[in-house]
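Asks: Here's a structure for you.
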Amino acid sequence: MSLSILTLRVQLEDDIVVARQRARHLASLLGFDSQEQVRIATAVSEIARNAFRYAREGRVVFTIEGRVAPQLLQVTISDEGPGIAHLNEILTGAYRSVTGMGLGISGSRRLMDRFHIETAPGRGTSVTMGKLLPPAATLVTPQLLSAISSSLVAERAPSMLSEVQQQNRELLETLDQLRRRQDELLRLNSELEDTNRGVVALYAELDEKADHLRRADEMKSKFLSNMSHEFRTPLNSILALTRLLIERIDGELTSEQETQVSLVQRSAQDLSELVNDLLDLAKVEAGKITIHPSEFEVRDLFGALRGMLRPLLVGDSVSLVFDEPQGVPTLHTDEAKVSQILRNFISNALKFTERGQVRVTAAYSASERAVRFEVSDTGIGIAPEDQEQIFLEFTQVENPAQRRVRGTGLGLPLSRKLAQLLGGELGVRSSQGIGSTFYAVIPVLYPGEIAGNTVPAIDAVEFRPEPGSLPVLVIEDSPDAQLVYARMLRGARFQILVASSVAAARQWLKRVMPSAILLDIVMQGEENWKFLAELKASDLTASIPVIVISNVEDRPKGLALGADDYAVKPVERDWLLTRLRELTTAPGATTALLIDDDPGIRYVLRRLLLAESFAVFEARDGMAGLRIAADERPAVIFLDLVMPSMPGRDVLSALKASSVTRDIPVIIATSKNLSSDETSALRREAAAILPKNLLAGQDAAIHVRGALERAGVAEVH
């Protein structure tokens, strides 16, 4: 929604004064503070002065953009003058004219949230500036706008002298503020100098202590790891030997001997569990636990646990019940870690439940986007004061049953750490004498992994771009929406990077220059209008195409702040891919698709085609190649004949059978020795045949260009 406020003509020098005064008055009526009023008035007067100086006249239009807060005050100053000849140098601060025009434009740009210039030689210049209204400002409606317009019309036209006096007052106020800030900085610097010495000494002491702690932690982890491995060898031997004795491989045992051997075996098993838990804890604390996400069904997990844990039932007094999971989606996380958590819950429940049942359930929480696993028992229960203690390492609650079935005191602490590694949480509800319910809330999607497509972590040591792919930064806090974008862009030439917050997006932008940005406006209760303005105001990111995709319906404000396109959720895949292609492909660029399972050949062809100014897509198999060809509509396709899963001949037939791809010329790049019949058959459907052995010679570029010419795509360069 765009609301027009005021239009001024700049035909005389006095009109510049009027434009400045109206801009300041309007900013005051809209709720800007005094400093922002001065910034807006200064920017307007500077650009209006340029219009008058270089075109002898111009027009100033004030409008309000946006239907939701914060709205945008937009000022458009246009003229029909000669245009600006050195715009790029002016915007980067590298150009200064004798009249000082560069200073006025670059200075005005810094004063506003949004600044955009359109100019052409002999066709004039249009400068659009924008400033977001303060968060506390009243929403401008047509009724309020009428009152504002009346106030502006009723204002007395200023004289040159009064405006100069006003500017002098503003300058004096600014100088006074600068002086006070300078005095404050001097005082702070003095205080910092006094405290720096103590801070330096404190840091030195802290570094020394931190180094001692690091060495102690490393020694502990190394000790636990080494000793656990050392213990395992004799324990495995003891368990193997006791099993041989109990199975009577070497002869019969007396009843007393069988009892003694069984006790030895049980003790060795308990010690083995302790060693395993210690080793797992050491790995977690050392950061050496590896997460292996995969897709699995909770129903299948329950089936495996049922068969695994049924031997723990020693009588009919306790039953183990697994409820059928209803409405639980497929999980994409580490199945082994989830199974380890539930095994610990169930084994503990069976240990401390003398009669009744142990029930295992799973339910999906849409609000948390997670599955809540619960293991409930009718056992001895846990006192309220002990319910947090059981999650401390080597801590066990004193109870007659506890003495009867002593454990390691490591299972629950380890389970909590595993749940946290998976992005979830773990807890307990319990009443003494009634029973306990242990629960683990596990996200459906493991953080950092989306539907089988690895999304690089923001703090990753190294970002590895996928060959032939363009990075797209998705700034979105909803895991469901992230999943949708990952699936939409799967198989296309775009590599998705995910940021769940503006802070995370800024970290990505320090590491990677994306080819495009998908931006949600409302994330975690905060709006990103200001961040959109930042992206388009910065010289480093202004050229990155930004597509706003949000539930907020305010397209005019998004475009006014510099968004290259604006859509309301949900969006269609074809539309998104089309817009990304249009925004990331250079005007006049020609595209080529390489379908080959040999990465070496793809690399050589890519280098040769880049030298011919092609934008290159790659596919390592036929199915991916068909999908990319349909999505990207390349100008030419290089196709290998011998590939796994789908031979090149089948790919060629599929390309020619589709109305979308049948007109794309195909160059067969093959190392196969073709018979004359095969060559004749291929030439009926392919534009050219390029033997791969020619790519290894010095004339490889000549042969590739020749194939492109036969395909009819070389002459465009």
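The values are calculated or read from the model by the stated rules, or taken from the named source; none is laboratory data. Computed from a prediction, not measured in an experiment: that's the story for all the values here. Cβ sites come from the backbone with ideal geometry, for glycine too, and all protein chains shown count toward neighbours.
Asks: If you take just the strands (runs of 3 or more DSSP E) that sit entirely in segment 317-407, which of them hold at least 2 residues that are under 24 Å from PRO293 (Cβ atoms), of a type in the set (A, V, I, L, M) and modelled with pLDDT of 85 or more? Give the steps one after another, and end with the answer.
Replies: Working: elements: 318-322, 331-333, 356-365, 370-377.
In segment 317-407, 356-365, 370-377 are the strands (runs of 3 or more DSSP E) which contain 2 or more residues that are under 24 Å from PRO293 (Cβ atoms), of a type in the set (A, V, I, L, M) and modelled with pLDDT of 85 or more.
Asks: Checking LEU72 against (1) aliphatic (A, V, I, L, M); (2) farther than 30 Å from GLU526 by Cα; (3) modelled with pLDDT of 85 or more; (4) buried (at least 18 other Cβ atoms within 10 Å of the Cβ), which test does it fail?
Replies: If we test LEU72 against (1) aliphatic (A, V, I, L, M); (2) farther than 30 Å from GLU526 by Cα; (3) modelled with pLDDT of 85 or more; (4) buried (at least 18 other Cβ atoms within 10 Å of the Cβ), just (2) comes out false.
Asks: For segment 658-674, which positions are modelled with pLDDT under 90 and more than 38 Å from the chain's Cα centre (by Cα)?
Replies: THR670, SER671, LYS672, ASN673, LEU674
Asks: Still on this model: Restricting the search to segment 470-507, which residues are surrounded by fewer than 21 Cβ atoms within 10 Å (Cβ to Cβ), within 19 Å of GLY562 (Cβ to Cβ) and in contact (Cβ under 8 Å) with a residue 24 or more places away in the chain?
Replies: VAL502 - this is the single residue of segment 470-507 that is surrounded by fewer than 21 Cβ atoms within 10 Å (Cβ to Cβ), within 19 Å of GLY562 (Cβ to Cβ) and in contact (Cβ under 8 Å) with a residue 24 or more places away in the chain.
Asks: Something else now. Take the residues in segment 651-702 that are in a loop (DSSP other than H, G, I, E, B) and small (Gly, Ala, Ser), then tell me which one is farthest from ALA619 (Cα to Cα).
Replies: SER675
Asks: Select from segment 427-443 the residues that are surrounded by fewer than 17 Cβ atoms within 10 Å (Cβ to Cβ) and farther than 15 Å from ASN348 by Cα and list them in ascending order.
Replies: Of everything in segment 427-443, those that are surrounded by fewer than 17 Cβ atoms within 10 Å (Cβ to Cβ) and farther than 15 Å from ASN348 by Cα turn out to be SER431, GLN432, GLY433, ILE434.
Asks: Evaluate segment 95-103: report whether one residue or more is under 38 Å from the mean Cα position of the chain (by Cα), at pLDDT 90 or above and crowded, with 16+ Cβ neighbours inside 10 Å.
Replies: No, every residue in segment 95-103 fails to be under 38 Å from the mean Cα position of the chain (by Cα), at pLDDT 90 or above and crowded, with 16+ Cβ neighbours inside 10 Å.
Asks: Which of the following residues is modelled with pLDDT of 85 or more and either closer than 30 Å to ILE380 by Cβ or not aliphatic (A, V, I, L, M) (or both): GLY491, GLY427, GLY411? Let's see the steps before the verdict.
Replies: On the way: GLY491 fails: modelled with pLDDT of 85 or more; GLY411 fails: modelled with pLDDT of 85 or more.
Result of the check over GLY491, GLY427, GLY411: GLY427.
Asks: Taking the conditions exactly as written (assigned by TED's automatic domain parsing to the domain that holds ASP480 and either closer than 30 Å to VAL642 by Cβ or among the hydroxyl-bearing types (Ser, Thr, Tyr) (or both)), does TYR603 satisfy them or not?
Replies: Details: assigned by TED's automatic domain parsing to the domain that holds ASP480: no; either closer than 30 Å to VAL642 by Cβ or among the hydroxyl-bearing types (Ser, Thr, Tyr) (or both): yes.
No: the conditions fail for TYR603.
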